[in-house]
Amino acid sequence: QIERQTYGTWWSGIPVSTNLTDTFSLVLCLYWILAMVGLKGSAWSGESAKDLVNLPTARVITVVGLILMIIFYLIPHGSGRM
């Protein structure tokens, strides 16, 4: 809603425009969806044997995701166009 009022569009990320903040949001969303697919056993059924990645790899994926989130969230909204 705020983006619609400010910029006049609902989405101005990569598929439509070049707003970096929206693009980063898309990247984070896709990253966490892929992480959940990799941990499908633990995430959905509680059976870690069905996971596509092992526990050390899952920890690395989580830490990398958190670091990406921190970096992306520190960028002010709407700053920069590619």
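Being assigned to a helix (DSSP H, G or I) and open to solvent by less than 50 Å² (accessible area, probe 1.4 Å) is the filter here, so list the residues in the stretch 25-67 that pass it.
Quick first cut of the stretch 25-67, residues assigned to a helix (DSSP H, G or I) only: 25-38, 40-45, 48-50, 55-67.
Across the stretch 25-67, the qualifying residues are 28, 35, 38, 41, 43, 58, 61, 65.
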Here are some conditions: (1) over 17 Å from the mean Cα position of the chain (by Cα); (2) at pLDDT 75 or above; (3) not in a helix (DSSP H, G or I). Residue 79 meets all but one. Which one does it not meet? (2)
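The values are calculated or read from the model by the stated rules, or taken from the named source; none is laboratory data. Treat the numbers as computed from the prediction; the structure is a model and nothing was measured. When the accessible area is computed, the model is the full protein with side chains, heavy atoms only, and any ligands, DNA or RNA have been set aside. Shrake-Rupley method; radii C 1.70, N 1.55, O 1.52, S 1.80 Å.
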